[in-house]
Amino acid sequence: MRRFFLDNALHWLREYHVDGLRLDATHALRDESDPHFLAELSAAVGEHVDGPERHLIAEDRRNLNRLVQPRDDGGYGLDAVWSDDLHHQLRVLTAGDTEGYYRDYQDTTAADIATSIRDGWFFRGEHSEHLGEPRGTDPGPVARTQCVVFIQNHDQVGNRPTGNRLTDDVSPATYRALSVLLCVVPEVPLLFMGQEWAASTPFQFFTDHDEELGPSVTEGRKDEFADFSGFEGAVPDPQAPAPFERSVLDWDEPTRPPHDGVLALYHDLLALRPRLGDELTVEAPSDTTLLIERPPFHIAVNLKGTADLNLPPEAPVLLHTEQGGYTPAPRPPAFTAETVSFSRPGAVVVRGD
């Protein structure tokens with residue numbers, strides 16, 4: 001069985017030439033063998049897959065540095081790991097989530113978010129109220145580029161009772177500010193399908209199992225998310241066709257307002273990303289604001305309410321989230337020689353040579 005899974009992974013990489021594999025829920029993979037299955041997998045990929053580098057990325061909630069440490073140092077040798085902390089912190093601060101694993105983040109401030117950006121993740125052995133035990137390890141040995149961060153993904157959307165996206169729970173201005181933050185951090189940003197144009201379609205949990213397994217999956221899902229409101233009610237039946245049909249993207253949306261403006265913002269942010277410097281400074285002037293420096297660029301982010309933030313003197317503005325091309329109803333921030341004033345959530349990128 002072990003050989004089957006190794007060969008299956010190699011088959012996808014060698015025969016179909018995919019760029020890499022996301023390894024689902026590695027925290028639930030129980031293996032007392034030496035070497036661990038993940039270490040054997042990473043070694044097999046390095047030895048038996050030719051051509052461009054292929055990436056192995058773990059989806060894992062443990063903040064476990066061993067996943068991406070070299071095999072020679074006792075690690076598993078994977079290329080990257082999902083880092084949930086930043087997502088959970090941003091959801092709590094901007095959307096007000098309080099249930100399930102979000103309980104561990106109820107007192108989140110911008111200073112905590114700055115720690116996650118600076119180090120790659122937040123929990124490094126502290127007690128988790130949700131798990132009832134310590135969670136996390138030291139992120140010190142982990143490069144920030146080995147951490148994958150996101151403001152949405154298939155789990156965080158699909159595991160909600162009705163599959164509502166972040167855009168259903170925060171204002172468009174807040175969504176644009178979060179999008180800027182995601183695209184300027186040194187970690188690897190993950191974009192969930194349709195996120196780049198603020199897709200209005202939900203992403204609901206859907207399955208196509210047989211009559212024996214299907215009902216068990218439906219009930220098991222309710223049990224798994226018993227701590228979240230909505231799952232005790234009339235949750236859409238994943239076995240029915242409707243959840244799948246509702247989740248199909250509307251590919252005409254990116255050409256229509258306000259979606260075309262969000263797409264333009266993402267286009268500009270992704271074009272900016274390769275120009276950001278390797279050095280990082282991140283500060284939290286208040287509980288809801290961040291100042292990020294990746295020379296020669298400086299980014300001011302306001303996640304909630306109004307805010308006044310300092311900028312380098314006479315720094316030319318590269319972009320801000322209230323530009324007419326990004327939103328049909330702009331409320332541009334006010335600039336002085338050394339400050340920017342936001343009347344609502346937003347972000348600005350300036351060049352400070």
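Of the three principal axes defined by the Cα atoms of the stretch 163-282, the extents in descending order read 54, 34, 25 Å.
Over the chain, Cα pairs under 8 Å with separation of 6+ residues give a relative contact order of 13 percent. Assign one of three labels to the stretch 305-346, namely rounded, prolate or oblate, based on the Cα gyration tensor with a ≥ b ≥ c the square roots of its eigenvalues; rounded applies when a/c is under 1.5, prolate when it is not and a/b is larger than b/c, and oblate otherwise. Here the stretch 305-346 falls in the oblate category.
With unit charges on the beta carbon (Lys/Arg positive, Asp/Glu negative), name the residue among Pro258, Pro243, Leu276 whose Cα is farthest towards the positive pole of the charge dipole of the stretch 226-281. Looking along the dipole axis, the top candidate is Leu276. Counting only heavy atoms of the protein chains and using a 1.4 Å probe, Met193 has close to 80 Å² of accessible surface. With Cα atoms as the point set, the radius of gyration and Dmax of the stretch 165-215 evaluate to 15.7, 47 Å.
Quick one: what do you get for the stretch 215-328 if you divide its Cα Rg by 2.2 N^0.38 Å?
On the way: Rg = 21.2 Å, N = 114, 2.2 N^0.38 = 13.3 Å.
Output field value: 1.59.
Using a Gaussian network model on the chain with a 10 Å cutoff between Cα atoms, which of Asp138, Asp50, Asp85 fluctuates the most? With Cα springs under 10 Å in the chain, the top fluctuation among Asp138, Asp50, Asp85 is at Asp50. A Stokes-Einstein calculation at 4 °C with viscosity 1.567 mPa s, built on the Kirkwood radius of the stretch 21-83 over Cα pairs, returns a diffusion coefficient of 110 µm²/s.
With the Cα gyration tensor of the stretch 38-168 in hand, give its eigenvalues times 5 under a square root as the equivalent ellipsoid semi-axes, listed largest first in whole angstrom.
29, 18, 13
Across every pair of non-identical alpha carbons in the stretch 5-49, the mean reciprocal distance, once inverted, gives a Kirkwood radius of 11.3 Å.
About the centre of its Cα atoms, the chain shows a dipole size close to 860 debye [charges on the beta carbon of Lys, Arg (+1) and Asp, Glu (-1) only; nearest 20 debye]. Between His11 and Leu280, the distance separating the two model label sites (each 7 Å from Cα on the Cα→Cβ line) works out to 3.8 nm. Annotation: for a label point projected 7 angstrom from Cα along Cα→Cβ of Glu338, residues of the stretch 280-309 with backbone N closer than 14 Å are 309. In degrees between 0 and 90, to the nearest 10, how far off the longest principal axis of the chain does helix 172-184 point, with axes built from Cα atoms? Around 70 degrees separate the two axes.
Dividing the convex hull volume of the Cα atoms of the chain by its residue count, what figure in Å³ per residue is obtained? Don't skip to the answer; put the middle values down first.
Details: hull volume 56.6 nm³, N = 353.
Convex hull volume per residue, Cα atoms: 160 Å³.
With an a/c value of 1.5 or above and a/b not larger than b/c for the gyration tensor axes a ≥ b ≥ c computed over the alpha-carbon atoms, the stretch 91-184 is described as oblate. Using the Cβ-Cβ distance between Ser216 and Trp251 with R0 = 51 Å, the FRET efficiency computed as 1/(1 + (r/R0)^6) comes to roughly 0.90. The DSSP beta bridges internal to the chain are antiparallel in roughly 75% of cases.
Here the spin labels are modelled as points 7 Å beyond Cα on the Cα-Cβ line, and at Thr109 and Thr201 they lie 4.2 nm apart.
The Val49 and Asp138 beta-carbon pair, evaluated with R₀ = 30 Å, returns a calculated FRET efficiency of approximately 0.45. The residue among Trp12, Pro35, Leu93 whose Cα reaches farthest toward the positive pole of the charge dipole of the stretch 1-115, with charges on the beta-carbon of Lys, Arg, Asp and Glu, is Trp12. Highest mean packing comes first when the peptides 212-224, 263-275 are listed by Cβ atoms within 10 Å, giving 263-275, 212-224.
The values are calculated or read from the model by the stated rules, or taken from the named source; none is laboratory data. Note that the structure is predicted; figures quoted are calculated from it, not measured. So basically every Cβ, Gly included, is an ideal-geometry build from the backbone, and we count neighbours across all protein chains shown. These area figures cover heavy atoms from the full protein model, side chains too; ligands, DNA and RNA do not enter into them. Shrake-Rupley method; radii C 1.70, N 1.55, O 1.52, S 1.80 Å.
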